[in-house]
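Taking it in order: structure first as structure tokens, then the write-up.
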Amino acid sequence: MLFAHDTESGLVAAAALVNTDGPDREGLPDVAALDEFFTAHGWTGRHEHTEAELRDVRALRPRLRRIWYADTDEVVAVVNGLLRESHALPQLVRHDDEPYHLHAVPRDAPLATRMAVEAAMALADLVRMDELSRVRRCDHPDCENVLVDLSKNRSRRFCDAGCGNRAAVSAYRARKAASHS
Ligand SMILES: [Zn+2]
Ligand SMILES: [Zn+2]
């Protein structure tokens, strides 16, 4: 592992949340979809299953997406803004068999607030370690997804929605077409 567990899981969850907001696809169409996302990404704590909660989580996505298009100073502005608005107060906590780790808002804070703060804390770690170059967009020309490259040699180019395969297939077809001409 390159970073602390909470940092890595926070980054992965933030990218996954941003990617639910596609240009032609809504990945969080209803409360049930948010329930599924909540479980799939190992969220615990307060979860209301309401339209209001869904609306707040959706509204967070464009703010987080900005991070993937921003330079360091802008990322810092977003991160500090999220921490300030959420009244973040780092505390070491232990729950659900996990070892002590940092939470910066209480577990009964609204889900969107906790998602914002977890993403902000993880990004704060990357900024401190000068590793923001790992926050990247998918290389596939038709893809708007974001990713976080947690590979040792920084070799990740594609998101996990199958773009790596798609790119390999088109490269193969292009080679084949070239060899027939
Ligand atoms: Zn926790
Ligand atoms: Zn992609």
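Brief remarks on what is shown
- Oblate is the label for the range 34-135, because the ratio a/c of its alpha-carbon gyration tensor axes (a ≥ b ≥ c) is 1.5 or higher and a/b is not greater than b/c.
- Cα-based shape type of the range 1-70, given that a ≥ b ≥ c are square roots of the gyration tensor eigenvalues and the cut on a/c is 1.5: oblate
- Accessible surface, the chain, averaged per residue in Å² (probe 1.4 Å): 58 Å²
- Sequence-separation-based contact order of the chain, relative, with Cα cut under 8 Å and 6+ spacing, percent: 24 percent
- 10 Å Cβ shell holding at most 14 others, DSSP loop, chymotrypsin sites (Phe, Trp or Tyr not before Pro): longest site-free stretch of the chain: 101-181
- Rounded to whole numbers, the Karplus 3J(HN,Hα) couplings from phi for the range 154-169 are 6, 9, 6, 10, 10, 6, 9, 8, x, 5, x, 5, 4, 5, 5, 5 Hz, using 6.51 cos²θ - 1.76 cosθ + 1.60 with θ = phi - 60°, and x at Gly and Pro.
- Spin-label model, Ala4/Ala171: points 7 Å from Cα along the beta carbon direction are separated by 3.7 nm.
- Extension gain, Asp108 back to Leu92 (0.36 nm per residue minus Cα-Cα distance, nm): 4.2 nm
- Taking label points 7 Å from Cα along the Cα-to-Cβ direction, Asp142 and Glu51 give a separation of 3.5 nm.
- At most 16 other Cβ within 10 Å, DSSP loop - trypsin sites (Lys or Arg not before Pro), the range 63-164: Arg94, Arg107, Lys152, Arg154, Arg157
- Surface composition of the chain: carbon plus sulfur atoms contribute 52% of the solvent-accessible area (1.4 Å probe, protein chains only, all chains present).
- Extended-chain gain in nm, criterion 0.36 nm per residue less alpha-carbon gap, Asp160 and Arg63: 32.8 nm
The values are calculated or read from the model by the stated rules, or taken from the named source; none is laboratory data. Given the structure is predicted, the values throughout are model-derived calculations rather than measurements. Because the Cβ atoms are built from the backbone with ideal geometry, glycine has one as well, and the counts that use them run over all protein chains shown. Heads up: the accessible areas ignore ligands, DNA and RNA and are worked out on the full protein's heavy atoms, side chains in. Shrake-Rupley method; radii C 1.70, N 1.55, O 1.52, S 1.80 Å.
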